[in-house]
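Everything below concerns the one structure shown next.
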Amino acid sequence: MIYCKQKELNRYKGLSHNLDTAIDFVLNGSFDSLPMGKTIVDGEAVYINRFDYDTVSEPITEGHILYADVHVVLEGEEIVAVSDFSDLKEIERKEDEDYIGFSGKFRSLNILRPGDVLVVFPEDAHSPKRICGEKTSHVKKAVIKVLVRE
């Protein structure tokens with residue numbers, strides 16, 4: 001897991017070519033012009049899912065097999081809980097969708113607001129869309145999907 005300010009993201013370049021592509025987009029791209037849904041950056045190696053939602057008190061917990069997620073909140077705020085797979089119980093697996101569902105308690109709660117970046121890797125189960133504080137927040141978000149395993 002990487003949790004930092006966008007302006008500090010450049011220090012993580014060099015870990016992988018695909019992650020470098022995602023970092024370059026975060027640092028130089030324009031999220032304002034992204035349409036809702038999927039936007040291809042580099043084929044299936046790097047693409048962006050753009051969506052909006054309201055935070056909730058009981059969100060899903062997921063992990064991925066092949067992809068890292070780069071979470072970028074454009075408006076609003078949320079908490080994303082993160083733990084290693086080994087800390088949680090696997091309850092569902094859909095390999096064709098690169099999805100693993102989990103239940104259990106988390107080790108890390110990360111507040112995401114505009115200007116923050118959270119990168120979760122395949123070993124990081126994560127639970128986004130969590131209420132930060134007592135009020136629901138409307139979140140505008142982009143998640144860059146980065147192929148890290150083939």
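Before moving on, here are some points about what is shown:
- Prolate/oblate/rounded call for segment 24-150, Cα gyration tensor, a/c under 1.5 rounded: oblate
- Segment 46-95: C-alpha gyration tensor shape, a/c 1.5 cut-off, then a/b vs b/c: oblate
- Ile65, Ile144 arranged by Cβ crowding within 10 Å, fewest neighbours leading: Ile65, Ile144
- Net dipole in debye of the chain [+1 Lys, Arg Cβ; -1 Asp, Glu Cβ; about Cα centre; nearest 20]: 420 debye
- Of all segments of the chain bounded by trypsin sites (Lys or Arg not before Pro) found in a DSSP loop with no more than 15 other C-beta atoms within 10 Å, the longest spans 14-104.
Laboratory data are not the source of any read-out in this text; all were calculated from the coordinates shown. A quick note: this is a predicted structure, and the numbers were derived from the prediction, not measured. Heads up, the Cβs are rebuilt from the backbone with ideal geometry, glycines too, and the neighbour counts pull from every protein chain shown.
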